[in-house]
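So the structure is just underneath, and the comments pick up after that.
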Amino acid sequence: MDICVVGAGYVGLVTSACLAYLGNQVIAVESNPERLHSLQSGGVPFFEPGLEEFVKKTSASGNLTFSDNLTAAVQKAQVIFIAVGTPSLPNGEPDLSQVMVVARAIGGALDDSKRRIVVNKSTVPVGSGNWVEMLVSQGVAKAQKSAKETVPASSGRSEGPSFVVVSNPEFLREGSAIADSFYPDRIVVGSIDEQATAVMKNLYKPIISQTFEAPSFAPRPAKLETVPFVVTDLASAELIKYSANAFLAMKISFANEISGLCEKVGADVKQVAQGIGLDYRIGKAFLNAGVGWGGSCFGKDVSALMQVAKEYSYPTSLLEATVAVNDRQRLVVIKKLQEELKILKGRTIGLMGLSFKPDTDDLRDAPALTIAYQLLKMGASVKAYDPVSNDVCKTLHPHLDIVYAADVEDLASDCDALVLVTEWAQFKKADFKKIAKLMRWPLLIDGRNALDEDEIRACGITYRGVGC
Ligand code: UGA
């Protein structure tokens with residue numbers, strides 16, 4: 001199938017490469033010249049395990065190309081994905097300006113050679129499907145008006161291009177984006193147009209029936225034979241995306257709220273999470289207590305959901321509590337540092353990890369940044385080491401007065417405490433005996449409950465986890 005994906009950011013690029021791998025002809029349209037040039041020369045502008053190699057391979061097969069010519073890509077395609085960013089505005093609403101520009105441009109580029117399906121892959125507020133349809137129609141009308149001005153009315157032009165807008169939210173996670181795209185828990189398509197849902201089902205058929213050859217670096221999970229294909233109306237598909245992220249964020253905040261109570265009553269949140277997670281109705285995923293959730297999705301989506309509810313004067317007490325617990329949770333490690341070190345002024349604190357989670361260089365809404373700013377405000381010196389995002393942090397946060405370390409041992413040198421903020425695999429394998437000797441004061445706050453507490457204590461380091 002001929003596919004056009006507008007926006008070669010995180011979601012757009014992964015979607016393009018995966019659909020190209022499945023045998024489709026994909027043109028990824030990118031308007032940023034630097035990013036386009038980098039993609040055309042085999043580079044990927046962010047860190048995602050396996051993606052650079054995968055993009056190179058699918059490009060070499062001839063199935064994936066990059067272009068800034070939206071009109072040509074749209075005219076060739078049967079299915080057009082909108083995968084541009086929708087970052088949060090200061091008031092919590094998503095900034096839909098890129099979606100607006102792209103939807104109108106798609107309308108302007110459509111011809112009447114075939115019926116197109118315009119797919120909303122960007123995370124947009126409930127009701128945006130109808131809005132995008134209006135914008136595409138506006139683009140069509142504008143193009144027709146200027147065509148009429150140049151081509152005489154007798155030229156026999158037909159009624160105009162035919163298209164339908166569907167919603168197809170994505171559920172991939174940073175750090176495991178390719179595997180999540182090939183082996184999703186479900187594929188959701190929001191549309192009441194039978195032809196459109198049939199085309200989308202056909203496009204995703206290799207994933208639904210798991211008939212494609214699994215890439216060597218992303219093996220198929222054992223026993224996965226089929227992926228549910230869920231067809232809903234537009235608004236429900238849009239709400240599924242927000243509700244899924246809000247629920248996951250709420251689950252983590254729940255575990256974090258219980259972790260505080262565990263500390264009061266002398267219980268261990270890891271045991272509590274295991275005990276409740278074994279109930280299949282609850283499930284054990286996303287019950288890890290720690291410094292809380294971050295990233296570009298949970299905060300943005302929970303706040304967008306609250307904004308939608310506000311338009312209807314509908315109260316969202318659970319969502320508000322989810323955010324409040326998370327805001328509070330980021331600072332629990334500072335409380336623990338105060339309990340152990342008493343005075344933080346003049347102390348040197350080493351942050352293990354900066355990215356909002358392992359296997360990504362993404363610093364958006366990263367708990368490490370909140371912790372660093374707060375420590376600096378309190379008069380401490382902050383060192384940090386992240387396996388991939390030291391340079392990203394230097395560039396994006398030039399005023400953040402952090403001393404960047406070259407590795408975890410360099411980080412530990414002369415520190416009064418280490419705080420594990422991001423549970424990168426390499427931190428779990430660190431030489432804590434050596435680390436203990438390098439530190440000025442052997443204290444480690446494990447903000448993710450990810451390290452082996454007994455091993456660390458055996459090295460002479462005071463260990464404090466969260467909720468235990
Ligand atoms: C999230 C969702 O998991 C994806 O399904 C969704 O597609 C994506 O948002 C999106 O909307 O684009 P992502 O933000 O990449 O994916 O990362 P997650 O793995 O969900 O982690 C989010 C945050 O929760 C991280 O900061 C992580 O450290 C934290 N977390 C996760 C916890 O604090 N505890 C847990 O038990 C699990």
All positions within the stretch 20-58 that are open to solvent by less than 20 Å² (accessible area, probe 1.4 Å), within 16 Å of Lys76 (Cα to Cα) and either among the aliphatic types (A, V, I, L, M) or part of a strand (DSSP E or B) (or both) | Ala20, Val26, Ala28, Val29
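Scan the stretch 185-192 and tell me whether some residue there is in the same structural domain as Leu51 (by TED's automatic domain parsing), more than 18 Å from the chain's Cα centre (by Cα) and surrounded by fewer than 19 Cβ atoms within 10 Å (Cβ to Cβ).
Restricting attention to the stretch 185-192, the residues satisfying the condition of being in the same structural domain as Leu51 (by TED's automatic domain parsing) are 185-192.
Still in the running and more than 18 Å from the chain's Cα centre (by Cα): 189-192.
Still in the list and also surrounded by fewer than 19 Cβ atoms within 10 Å (Cβ to Cβ): 192.
Yes, the conditions are met somewhere in the stretch 185-192.
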For the stretch 1-15, pairs from a residue that is open to solvent by less than 10 Å² (accessible area, probe 1.4 Å) and within 14 Å of the ligand (Cβ to nearest atom) to a residue that is assigned to a strand (DSSP E or B) and among the aliphatic types (A, V, I, L, M), with Cβ under 6 Å and 6 or more apart or across chains, are Gly12/Val5
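Could you grab me the full set of residues in the stretch 289-320 that are farther than 25 Å from Glu423 by Cβ and either within 7 Å of the ligand (Cβ to nearest atom) or hydrophobic (A, V, I, L, M, F, W, C) (or both)? Explain how you work it out, then say what you get.
Residues of the stretch 289-320 farther than 25 Å from Glu423 by Cβ: 303-320.
Of everything in the stretch 289-320, those that are farther than 25 Å from Glu423 by Cβ and either within 7 Å of the ligand (Cβ to nearest atom) or hydrophobic (A, V, I, L, M, F, W, C) (or both) turn out to be Ala304, Leu305, Met306, Val308, Ala309, Leu318, Leu319.
For the condition surrounded by fewer than 13 Cβ atoms within 10 Å (Cβ to Cβ), assigned by TED's automatic domain parsing to the domain that holds Pro367 and touching a residue at least 24 places away in the same chain (Cβ under 8 Å), what is the one hit in Ala406, Ala425, Ala417? Break it down into steps so the answer makes sense when it comes.
Details: Ala406 fails: touching a residue at least 24 places away in the same chain (Cβ under 8 Å); Ala417 fails: surrounded by fewer than 13 Cβ atoms within 10 Å (Cβ to Cβ).
Unique residue meeting the criteria: Ala425.
If you go through the stretch 365-381 one residue at a time, do you hit one that is in a loop (DSSP other than H, G, I, E, B), within 21 Å of the chain's Cα centre (by Cα) and within 14 Å of the ligand (Cβ to nearest atom)? Spell out how you get there, then give the answer.
Residues of the stretch 365-381 in a loop (DSSP other than H, G, I, E, B): 365-366, 378-380.
With the extra rule that they be within 21 Å of the chain's Cα centre (by Cα), the set shrinks to 365-366.
Going one step further and asking which of them are within 14 Å of the ligand (Cβ to nearest atom), we end up with 365-366.
There is at least one residue in the stretch 365-381 that is in a loop (DSSP other than H, G, I, E, B), within 21 Å of the chain's Cα centre (by Cα) and within 14 Å of the ligand (Cβ to nearest atom).
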Here are Val272, Val308, Val302: which of them is part of a helix (DSSP H, G or I) and in contact with a Cys (Cβ under 7 Å, 6 or more places away or on another chain)?
-> Val272
Where a residue in the stretch 365-389 is assigned by TED's automatic domain parsing to the domain that holds Glu423 and of a type in the set (Phe, Trp, Tyr) and its partner, wherever it lies, is surrounded by 21 or more Cβ atoms within 10 Å (Cβ to Cβ) and at pLDDT 95 or above, with Cβ under 6 Å and at least six apart | Tyr385/Val408; Tyr385/Leu411
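The values are calculated or read from the model by the stated rules, or taken from the named source; none is laboratory data. This structure is a prediction, so every number in the text was calculated from the model and none was measured. Backbone-built Cβ (ideal geometry, glycine too); neighbour counts: all protein chains shown. Each accessible area value is taken on the protein alone, full model and side chains, heavy atoms only, with ligands, DNA and RNA left out. Shrake-Rupley method; radii C 1.70, N 1.55, O 1.52, S 1.80 Å.
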